[in-house]
Amino acid sequence: MTLIDSIRLSLPQAHPWRDSLHWFPTLDSTNNHAKTLARAGAPQGTVVLADAQEAGRGRLGRSFHSPAGEGIYFSLILRPDCPADQLMHLTCAVATAAAQAIVQATGIQPRIKWTNDLVLGKAKVGGILTELSLVPGTDRVDWAIVGIGINCNQSTFPPEIAPIATSLALHRDAPVDRSRIVSALIRQLHTMSATLLPEKSLWMDRYRALCMTLGQEISLVRGDSVTHALALSIDDNGALVVRHRDGRQEAVTSGEVSVRGMYGYI
Ligand code: BTN
């Protein structure tokens, strides 16, 4: 049975997104394809999945390693019908829903490195890339693309990411079933989409509980500049509140910086 058949089988017959799954052996990026569908009017709940990506994208212009048959490369179209400034917590809620899906499907509990990395131990197991478009001439969201990449059954990684990357299979020392994880992801994201705005604080509380950056001494990397700070809290818009060494506090938003541990990725 193909992966897409097993995903459909493991979703309830009546699930509203069950018939909106688009599967491809290879795409440049599932987010790019989802954008094309969104621009053509595809509805909320449209899901794009690929077995491999040739140009998987991450945050801050980075790439996302996407070998065939081993990971999950997943993008979802949302149409939340609200001003963009009400969606500042979207990436945090998606990271939380993805962590919940992984634990539900595999029993493995990832944590989150602010803002959008799923981690196991000291290594990255997945990432989130959200992209928004506004209705022209307004501040209202036309569509949001929620992109999720999860390293599932990789046993090795290219040398440039090997020191900071892991997979669910490496963690468990046995392969994982990608269709069960995708099915859990679709169910978790469906619930999230219905509760994202009315239950914003609840999603952020769940995010804070999973976020391993809080309380850590971190390096803030902005272009060539690196400063050190203590991660104090995360506000309801997903900004990381830090205390710099000179005592100054700052709410850092994810568009500007990359956060690392003092001595490495974590
Ligand atoms: C990051 O690590 O900064 C985010 C990685 C997001 C990768 C996923 S894979 C599916 C979707 N398509 C992409 O091109 N990127 C996201």
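Compute the Cα gyration tensor for segment 49-111, then decide on rounded, prolate or oblate, letting a ≥ b ≥ c be the square roots of its eigenvalues: rounded whenever a/c is under 1.5, prolate when a/b is larger than b/c in the other cases, and oblate in all that remain. Because a/c hits 1.5 or more and a/b fails to exceed b/c, segment 49-111 counts as oblate.
Each of Lys200, Lys124 was scored by other Cβ atoms within 10 Å of its Cβ. Arranged with the fewest first, they read Lys200, Lys124. Counting other Cβ atoms within 10 Å as a rough exposure proxy, the listed residues Cys92, Cys82, Cys152 run Cys82, Cys152, Cys92 from fewest neighbours to most.
A cut-off of 5 Å between modelled amide H atoms, ignoring neighbours fewer than 5 places along the same chain, links Asp51 with Phe24, Thr26.
Of all lysines in the structure, those lying under 17 Å Cα to Cα from Lys122, and not within fewer than 8 positions of it along the same chain, are Lys113. Per residue of the chain, the DSSP helices (runs of n ≥ 4 H) give a summed -39500 (n - 2.57) that works out to -8000 deg cm²/dmol at 222 nm.
The chain has equivalent-ellipsoid semi-axes of 28, 23, 17 Å, by the square roots of 5 times the alpha carbon gyration tensor eigenvalues, sorted largest first. Couplings 3J(HN,Hα) of segment 137-148, computed from phi: x, 10, 9, 8, 6, 7, 8, 10, 9, 9, x, 10 Hz, in residue order, whole Hz [Karplus 6.51 cos²θ - 1.76 cosθ + 1.60, θ = phi - 60°; x for Gly and Pro].
Exposure proxy ranking for Thr91, Thr36, based on other Cβ atoms within 10 angstrom of each Cβ and starting from the fewest, stands as Thr36, Thr91. The convex hull around the C-alpha trace of segment 54-170, projected and averaged over every direction, spans 7.8 square nanometres. Backbone amide hydrogens, once placed in the peptide plane, bring Ser233 within less than 5 Å of Val241, excluding anything fewer than 5 places away on its chain.
FYI, it's all coordinate maths here, none of it is from the lab. Small disclaimer: the values here were computed from a predicted structure and weren't measured. Cβ sites come from the backbone with ideal geometry, for glycine too, and all protein chains shown count toward neighbours.
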